[in-house]
Each structure stands twice: as structure tokens, then as C-alpha cells.
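Every number in this text was worked out from the coordinates using simple rules, so none of it is lab data. Note that the structure is a prediction, hence the values are computed from the model and not measured. Neighbour counts run over all protein chains shown; Cβ positions are idealised from the backbone, glycine included.
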Amino acid sequence: MEIIKDGKTFTIRLVSTDERSLGVDEGEHQYVTAFHYDIVAFEIDSDACEEVGRQTVGEINSYYLDGSGAYESSSYGMLPNALVEEADDIDQDVFNIAQALYSNQDTLFNLGAAILDTFYIDYVEVKEGWRGHDVGLLAAETVIRSHGPNANIALIPKQGEGESKLKLTHYWKRLGLKKLPVKGFGFALWHNASKNRKRFTARKAA
């Protein structure tokens, strides 16, 4: 993932700072996994084709909710309560998503979602001076491609982002995500049609 900023070429990479399963059902099943990465810009000398410097320019935090695994482990026809209970011990937003999507077995079907797993992007933060170069979008694309290629994508607009809902919708559509008709949940849910889209690539001059 390369960008050009102030006439210099940078490669954007994610460096893992935390990857762990957060919930355990009777020591056997784990349904919620956290992923936290620093967003690191590596400056590249184009002539020498070598790295000449690096700096952390942001961070991204996310959670994977293994809905299919939770359904498989629950009794026939029962809801995946273990996943919802795990989410309740982790974070209020994670719990709200789990409760909304997995407390009623018809919810995802009625929304038109063909899959049971959910990948929740908690936040993407990019330092001032690096915004406007699609660094956050590149980071989001990387974690979705790595951890959520076969999952619904959940996003919660945070207060203070300074972005209208329309602008945020346009922003995430650039990744080829299709918005599902979620209403009243407090978060946006997207279908990840990664197999049917071209990879997003940002090569934006400063």
C-alpha cells in the first residue's frame, strides 16, 4: 500500500499490537477476537528502493464475532447466547452489535445478509498531517481483507468525527461494501462483496 506525501513515497503497513480471543465457552469455544494495529508509514527511497525511515501515523481497532461458530455450538434451533454473553464482558458497542444481530435468529436473514459472522471496526484514527491521503481507508481495507473477507462489516459512526452520514456512506462504499438496511440499531451494517470487487488502491499525490 503506497501513498505519495510531500513528494515522498511511503508504504503503509499495519503492525499488530494485540490479537487475542476474548471469550471462552467452557474452555473450548472462542467467539470474539480482538485485533489492534498501529498504522505505520515506511518512507522509501525510490532511487535506492530501500527504507529510510518509519513513523506511526495512526491505529485501528476491531473485533471478529464468530456467529457461525456460536450457532454451530448451540443446541439445534437455539440462539448463540454464548457469543452475546462474551460480548457483554468486552465492550458496550460490541455487546450492542451482538445483541442486535444474534438475539433473534431471523435478524440477519431479514436484513439480506447471507453470512453469520460479523467483523466490527471499532475505530480508525489517523494523526493530523496524514489525513486526506486515504491512510485510514487503506488500513480498513487491509484488516477487512485479512480478517473479514467472509463476514458482515459493522461500523458505528462516532460523535466528533465531523463527517455527515452521507459522506461516511460514500467513504465506505469506496471499499466495495454494500450497505444493508439496518434501522434503529445505532450502527451501520455492510455486506462485504469482496469476491466480486476490485481491490481498492490509493495512490494520491500530496
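Listed peptides 181-190, 87-96 appear in the order 87-96, 181-190 once ranked by packing, highest mean of other Cβ atoms within 10 Å at the front. Rounded to the nearest whole Hz, the Karplus-based 3J(HN,Hα) values (6.51 cos²θ - 1.76 cosθ + 1.60, θ = phi - 60°) of the range 177-186 follow the sequence 7, 10, 6, 8, x, 7, 9, x, 8, x, with x at glycine and proline. Note that the range 143-154 has calculated 3J(HN,Hα) couplings of 6, 5, 5, 7, 10, x, x, 10, 9, 6, 10, 9 Hz, one per residue in order, obtained from phi through the Karplus relation 6.51 cos²θ - 1.76 cosθ + 1.60 (θ = phi - 60°); glycine and proline are x.
Remark on Phe187: its backbone amide H falls under 5 Å from none of the residues 5 or more positions apart or on other chains, H modelled at 1.01 Å from N. Close amide-amide hydrogen proximity is noted between Asp122 and Asn61, Ser62, Tyr63, each under 5 Å apart and 5 or more residues distant or on a separate chain (H modeled in the peptide plane; Pro and chain starts excluded).
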